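Accompanying notes for the structure given below.
Just so it is clear, none of the values below were taken in a lab; they were calculated from the coordinates. Just so it is clear, the model here is predicted, and its values are computed rather than measured. Methodologically, a virtual Cβ is constructed for each residue, glycine included, from the backbone with ideal geometry; neighbour enumeration extends over all protein chains shown.
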Amino acid sequence: MPFQCPTCANPTLEITESVELGPGDDDDERSLQLITCPCGLTGAAFYRESRRGSGESWHHEGFLLEAATIAQIREHMARRELPADLLPRPSFAMTLAD
Ligand SMILES: [Zn+2]
């Protein structure tokens, strides 16, 4: 399912890899993903979903990353860990293309 690319504005942003990290402190489901677009965008995305409290909530954030950082993200995906330095980075909302 393609997403809207924040760089070229086309509906061509794709998730190429996705690994479930399992539940976190505040979330029931967490997934760490790699994203790419034909325009040259590379990065990662983090999906989290909570079914606690009143109703469901979910967040899906994308991060623009250099190739060297993506190599580190791949290592974290292999260990099913969230990179501690990922979330403080500037992010954009992952938006499904129509
Ligand atoms: Zn693009």
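Can you give the extra length, in nm with one decimal, that the chain gains between residue 42 and residue 54 once fully stretched, where that is 0.36 nm per residue apart less the Cα-Cα distance?
Here the segment from residue 42 to residue 54 would lengthen by 0.8 nm.
Could you pull the Cα extents of the chain along its three principal axes, largest to smallest, in whole Å?
Reported extents, whole Å, longest axis first: 39, 32, 21.
Could you calculate the contour length gain from residue 68 to residue 14, that is, 0.36 nm times the residue separation minus the distance between their Cα atoms, to one decimal place in nm?
17.5 nm
Please give the charge dipole size of the range 14-93, origin at the Cα centre, charges +1 on K and R Cβ atoms and -1 on D and E Cβ atoms. Round to the nearest 20 debye.
100 debye
Over the range 14-93, what is the relative contact order in whole percent, taking alpha-carbon pairs under 8 Å and six or more residues apart?
23 percent
Please give the calculated 222 nm ellipticity per residue for the chain, where each DSSP H segment of at least 4 residues contributes -39500 (n - 2.57) and the sum is spread over every residue; nearest 500 deg cm²/dmol?
-4000 deg cm²/dmol
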